[in-house]
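Q: Sharing a structure here in structure tokens format.
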Amino acid sequence: MVECESLVRIFRTGTRAGDGVEVQALQGLDLTVREGELTALVGASGSGKSTLLGILAGLDTPSAGTARVAGTDVGGLKRRERTAYRRRTVGTVRQQAASNLLPYLTARENVQLPMGYAAVPRRRRAARAVELLGLMGIAGAADRTPAALSGGEQQRVAIAVALANGPRLLLADEPTGELDTATSEEIFAALRTANAELGTTVLIVTHDALVADQVRRTVRIRDGRTSTEVLRHTAGPGPGSPLSGEEYTVLDRVGRLQLPREFTESLGLAHRVRLVLAHDHIELWPDRPRPPDAPATTGEGEGD
Ligand code: ADP
Ligand code: MG
């Protein structure tokens, strides 16, 4: 559903030639999200998360590299294609719950609005709005304006708005940024429901590392690049089973990978590591004398 390859976005600030400052917000980012997945992208403030979502949402274009969403090269869209893409292929939820909604419309009217732009028949609009608000667990709020809703309710309406035209991909940028922990969990539950019930692929972006407890797949972004990811599997049967996590890292097309800093620091790995190819895995050792039981190796000293 999402395929980003060596994505670069450089912002130039300053007005006259020569006095500009360049910020490289994305520095060769690779990311793959499969259809139907729910993924969290976690990174510190300034790591390039919103820049990435802006590109995936069709609001911004990359300086280099490619971003494909549902088979569409979003960097290469013409103006009219871009409008259609933003209306039908992606839905977005922003951090400020209130900014996702028009204050003088009720929740139901807010959800109906984007369907009007997509020329959905009026009667169908009303039914779908009620259905989506029900799915988000806020059917009772349909006739209230945003001012009469809590922050968490507003954000659930905002998710319903984003889902109104049945997007293939739902992008949520810090959707729980202004909410307390209990309310945040409700928002994650709502996003999981959208994912499970409607089959929408969901990409959530957050600086909150605790989100890893809420989703199966967490990808870490650092300095405009994706680094490691954690996949969680239920340890036992049933939905209440605890999740156990396994750490993964991205292997790019030329075979480079980035090791988590906790791993390299705990073993004092730096500059050079020793590689051993086993029949079904690769060993990576500190660059120190070989342990006595280590096998005579193939692969050592080869390459750069
Ligand atoms: P995040 O969402 O992870 O906090 P952003 O994607 O917003 O990070 O920003 C990444 C970097 O790009 C930051 O250094 C930010 O200051 C810079 N940046 C983002 N948007 C712009 C812009 N429109 N003009 C100049 N610099 C920008
Ligand atoms: Mg941001």
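Q: From the list 118, 127, which residue is at pLDDT below 95 and out of contact with any helix residue (DSSP H, G or I) (no Cβ under 9 Å at 6 or more places or on another chain)?
A: 127
Q: Right, another one. Could you list all residues from the range 20-66 that are of a type in the set (Asp, Glu) and open to solvent by 70 Å² or more (accessible area, probe 1.4 Å)?
A: Within the range 20-66, 22, 35 meet the criteria.
Q: Tally up the residues in the range 160-183 that are open to solvent by 20 Å² or more (accessible area, probe 1.4 Å), away from ligand 2 (no atom under 16 Å from the Cβ) and within 20 Å of residue 54 (Cα to Cα), please.
A: Number of matching residues: 4.
Q: Would you mind stating whether residue 163 is modelled with pLDDT of 95 or more, within 15 Å of the chain's Cα centre (by Cα) and within 19 Å of residue 35 (Cα to Cα)?
A: No; evaluated as a whole, the condition is false for this residue.
Q: Now a separate question. In the range 28-60, which residues are assigned to a loop (DSSP other than H, G, I, E, B) and farther than 16 Å from residue 171 by Cα?
A: Across the range 28-60, the qualifying residues are 44, 45, 46, 47.
Q: Out of 80, 124, 88, 94, which single residue is of a type in the set (D, E, K, R), open to solvent by 60 Å² or more (accessible area, probe 1.4 Å), within 16 Å of ligand 1 (Cβ to nearest atom) and in the same structural domain as residue 57 (by TED's automatic domain parsing)?
A: Testing whether each residue is of a type in the set (D, E, K, R), open to solvent by 60 Å² or more (accessible area, probe 1.4 Å), within 16 Å of ligand 1 (Cβ to nearest atom) and in the same structural domain as residue 57 (by TED's automatic domain parsing) leaves just 94.
Q: Same structure again: Out of the range 225-243, which residues are open to solvent by less than 60 Å² (accessible area, probe 1.4 Å) and either farther than 16 Å from residue 53 by Cβ or modelled with pLDDT of 85 or more (or both)?
A: 227, 228, 229, 230, 231, 232, 234, 236, 238, 241
Q: Among the numbered criteria (1) β-branched (Val, Ile, Thr); (2) more than 18 Å from residue 252 (Cβ to Cβ); (3) in a strand (DSSP E or B), which one does residue 66 miss?
A: The failed condition is (2).
The values are calculated or read from the model by the stated rules, or taken from the named source; none is laboratory data. Because the structure is a prediction, the values reported are computed rather than measured. As a convention, Cβ positions derive from the backbone with ideal geometry for all residues, glycine included, and neighbour counts pool all protein chains shown. For accessibility, only protein heavy atoms count, side chains too; no ligands or nucleic acids. Shrake-Rupley method; radii C 1.70, N 1.55, O 1.52, S 1.80 Å.
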